[in-house]
Amino acid sequence: MNILIFGPNGSGKGTQGTLAKDKYGLDHIESGAIFRKHIGGGTELGMKAKEFINKGELVPDDITIPMVLDVLASSTNGWLLDGFPRSLVQGEKLWEALQKDGVKLDYVIEIKLPRDIAKGRIMGRRLCENNPNHPNNVGIPVIAPEGDKCRVCGGSLSARDDDQDEGAIDVRHNIYYDEETGTMAACNFYKNMKDGGFKYIELDGEQSIDAIKEYLMAQLV
Ligand code: AMP
């Protein structure tokens, strides 16, 4: 089972992706996490990637594409691919590689969310000192913190610097919502594909987390 997931920062992609991954016991292949691992390990690739990542820019394709395709090829459990492709070129190269290697893509999931709402959600996110997975968001009533404390455990909350930096959010979203050459162009490449052999699932990111979960689970066989 191989799944591709698209969704802007702030759309709940992590939550819904984890659900799909756990259902089938897939490897979670996340391009951003692979880069962070390289940076942490001080590899040459990590050092090259770091300068782009720090600016919020895309790491060049000659580094990113072979790196992700190598990790995909080494997966034996099937994968959930997250964070790649982020551009039309990456989307086309991924499809070419899958065709060449005879790898079947089973699902493409797209979480749709208007840009202004995605931005508000990112800026509202709060991080619990005890567990980064405790959901707290000052902009979403069902997961609003208890006063200024974590709604799950009462721990202290903080906000990530890059979540409060509107400029950095705009850079990330400029790439995502670009329908000409950006991530939405890659997403539409798959959406408009005839006879790709995969099921395309569109999720309404404005619905509640539980409603999205329920719909997604009903779509995945
Ligand atoms: P993320 O954790 O998905 O937000 O990714 C962190 C950073 O890694 C991004 O801001 C980019 O600099 C880089 N990155 C992740 N995925 C890609 C990709 N598919 N193409 C180019 N750069 C990427």
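How much net charge surrounds MET193 when only the other residues with a Cβ under 15 Å from the Cβ of MET193 are counted, with Lys and Arg +1 and Asp and Glu -1?
-1
In the chain, which cysteines lack any other cysteine Cβ under 4.7 Å from their own?
Unpaired cysteines in the chain: CYS153, CYS187.
Per DSSP H run of n ≥ 4, the term is -39500 (n - 2.57); total these for the chain, divide by its residue number, and report the mean residue ellipticity at 222 nm rounded to 500 deg cm²/dmol.
That calculation yields -14000 deg cm²/dmol at 222 nm.
Hey, for a label at ASP165 modelled as a point 7 Å past Cα toward Cβ, could you say which residues of region 1-29 have their backbone N under 18 Å away?
Counting only backbone N, you get 9-10.
Output needed for region 39-82: three equivalent-ellipsoid semi-axes, defined as square roots of 5 times the C-alpha gyration tensor eigenvalues, in descending order, whole Å.
22, 12, 10
Compute the distribution of all C-alpha to C-alpha distances in region 9-67, in bins of 5 Å from 0, and list the percent of pairs in each, rounded to whole numbers.
P(r) over region 9-67, rounded to whole percents: 4, 16, 23, 19, 16, 16, 6, 0.
Would you kindly compute the Cα radius of gyration of region 166-221 and its largest Cα-Cα separation (Dmax), both in Å?
When restricted to Cα atoms, region 166-221 yields Rg and Dmax of 14.3, 40 Å.
Would you mind checking the radius of gyration and Dmax of region 69-128 based on alpha-carbon positions, in Å?
15.6, 44
Per-residue HN-Hα couplings for region 139-156, Karplus 6.51 cos²θ - 1.76 cosθ + 1.60 at θ = phi - 60°, whole Hz, x for Gly and Pro?
x, 10, x, 5, 10, 5, x, 7, x, 10, 10, 4, 6, 8, 10, x, x, 6
Cut-off 10 angstrom, C-alpha nodes, Gaussian network model of the chain. Which of SER158, SER11, SER31 fluctuates the most?
SER158
Ignoring the sites themselves, what is the longest stretch of the chain with no trypsin sites (Lys or Arg not before Pro) in a DSSP loop and at most 14 other beta-carbon atoms within 10 Å?
Result for the longest clean stretch: 105-159.
For the pair VAL89 and SER75, how long in nm is the line joining their label points, each one 7 Å along Cα→Cβ?
The answer from the label model is 2.3 nm.
Cut-off 10 angstrom, C-alpha nodes, Gaussian network model of the chain. Which of VAL138, VAL68, VAL108 fluctuates the most?
For the chain, modelled as a Gaussian network with Cα springs under 10 Å, the answer is VAL138.
Restricting to bridges with both residues inside region 1-142, how much of the DSSP beta-bridge set is antiparallel, in percent to the nearest 5?
Of the beta bridges lying entirely in region 1-142, close to 10 percent run antiparallel.
Give, in whole angstrom and from largest to smallest, the semi-axes √(5λ) of the equivalent ellipsoid of the chain, with λ running over the eigenvalues of the Cα gyration tensor.
Result for the chain: semi-axes of 28, 22, 17 Å.
Along the Cα→Cβ direction, 7 angstrom out, place labels at ASP101 and GLU57. What is the inter-label distance in nm?
Taking the simple label geometry, ASP101 and GLU57 are separated by 2.9 nm.
Using a Debye calculation, one point per C-alpha and no hydration shell, please list log10 I(q)/I(0) for region 111-175 at q = 0.14, 0.20, 0.29 Å⁻¹ in order.
Evaluating at q = 0.14, 0.20, 0.29 Å⁻¹ gives log10 I(q)/I(0) of -0.42, -0.77, -1.19.
Under a Cβ-only charge scheme (Lys and Arg +1, Asp and Glu -1), can you give me the dipole magnitude of the chain about the Cα centre, in debye to the nearest 20?
Magnitude of the dipole: close to 400 debye.
Write down the radius of gyration of region 51-172 and its Dmax, each obtained from C-alpha positions, in Å.
18.3, 54
Over what distance in Å are the Cα centres of region 126-200 and region 94-118 separated?
Comparing the Cα centres of region 126-200 and region 94-118, I get a distance of 18 Å.
A short reminder: the numbers here are calculations on the coordinates, not readings from a lab. Computed from a predicted model, the values in this text were never measured in an experiment. Every residue, glycine as well, gets a Cβ built from its backbone with ideal geometry; the counts of neighbours run over all protein chains shown.
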